[in-house]
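Here, each number is a calculation from the coordinates, and none is a lab measurement. None of these values were measured; they are calculated from a predicted model. Because the Cβ atoms are built from the backbone with ideal geometry, glycine has one as well, and the counts that use them run over all protein chains shown.
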Amino acid sequence: AQTVTQSQPEMSVQEAETVTLSCTYDTSESDYYLFWYKQPPSRQMILVIRQEAYKQQNATENRFSVNFQKAAKSFSLKISDSQLGDAAMYFCASLRGSNYKLTFGKGTLLTVNP
Amino acid sequence: DTAVSQTPKYLVTQMGNDKSIKCEQNLGHDTMYWYKQDSKKFLKIMFSYNNKELIINETVPNRFSPKSPDKAHLNLHINSLELGDSAVYFCASSQDGIGTGANVLTFGAGSRLTVL
């Protein structure tokens, strides 16, 4: 079974600063995907970024980037130039190649201070 | 147009009642899901259908019965509702295969069920 661990229940950052959210996962598979989803107070689940395990290059999406350390099974999310609209619950998740079962971590609640 | 739409968004009902939540996706995706988010925000998969066929059935009480009349719809029916069923239920869909969009779940806005 896959497990995803987010060790930071809550984090805070000043507007315009950078913050890193941690995530570790456990899988015996070689083919898998990793995701970060954002859930703002509206409760809508929004995809932030996606990483295929076979790709060595870290994924980036504008101000969002990941640090994917495959050997360490670590998948942290860096948010640069934090904005008030980034305040949300952030979920790390993993998916086995053709398993269809997305496994979520327990989430990190990010507060952005003006 | 909403990609994954679920109705109702809010549902308040009494213990013992039977209720349904409907979900429709217009993305042409092959796979649909039901996830449950509890009061601590933990998200757990309940069911998954691929082209109308049940492929994932987690340890869910048999009071919960999913139904997929076609690839674009996945409904969730709950019998004899209990207090512990109170949660937010998310419908999602994804496209099979490889490529940039594959295996990315697109979620509906969630349905908050409150059982009194």
Straight-line reach from A:Lys55: which aspartates and glutamates have a Cα under 20 Å away, not including same-chain ones fewer than 8 places off?
A:Asp26, A:Glu29, A:Asp31, B:Asp96
Percentage relative contact order, chain B, counting C-alpha pairs under 8 Å, at least six apart
36
Setting aside same-chain residues fewer than 8 positions from B:Lys19, which aspartates and glutamates have a Cα under 14 Å from its Cα?
B:Glu82, B:Asp85
Please report, to two decimal places, log10 I(q)/I(0) for segment A:64-114 at q = 0.15, 0.17 Å⁻¹ as given by the Debye formula with identical point scatterers on the Cα atoms and no solvent.
-0.54, -0.66
Just round it to a whole percent: the fraction of Cα-Cα distances in the protein assembly as shown exceeding 32 Å.
19
If r is the Cβ-Cβ distance from B:Asp18 to B:Glu53 and R0 is 25 Å, what FRET efficiency results, to the nearest 0.05?
0.50
Could you give me the percent of Cα pairs per 10 Å distance bin for chain B, shortest bin first, beginning at zero and ending with the bin that holds the maximum distance?
15, 49, 30, 6, 1
Based only on Cα atoms, what Rg/Rh ratio does segment A:3-113 have, Rh being taken as Kirkwood's radius?
0.95
Reachable lysines from A:Lys38, Cα under 17 Å, same-chain residues fewer than 8 places away excluded?
A:Lys78, A:Lys106, B:Lys36, B:Lys40, B:Lys41, B:Lys44
Residues whose placed amide H lies under 5 Å from that of A:Asp31, excluding near-sequence neighbours
A:Gly97
Length gain on complete extension for the stretch B:Asn62 to B:Thr114, per 0.36 nm per residue less the alpha carbon to alpha carbon distance?
16.8 nm
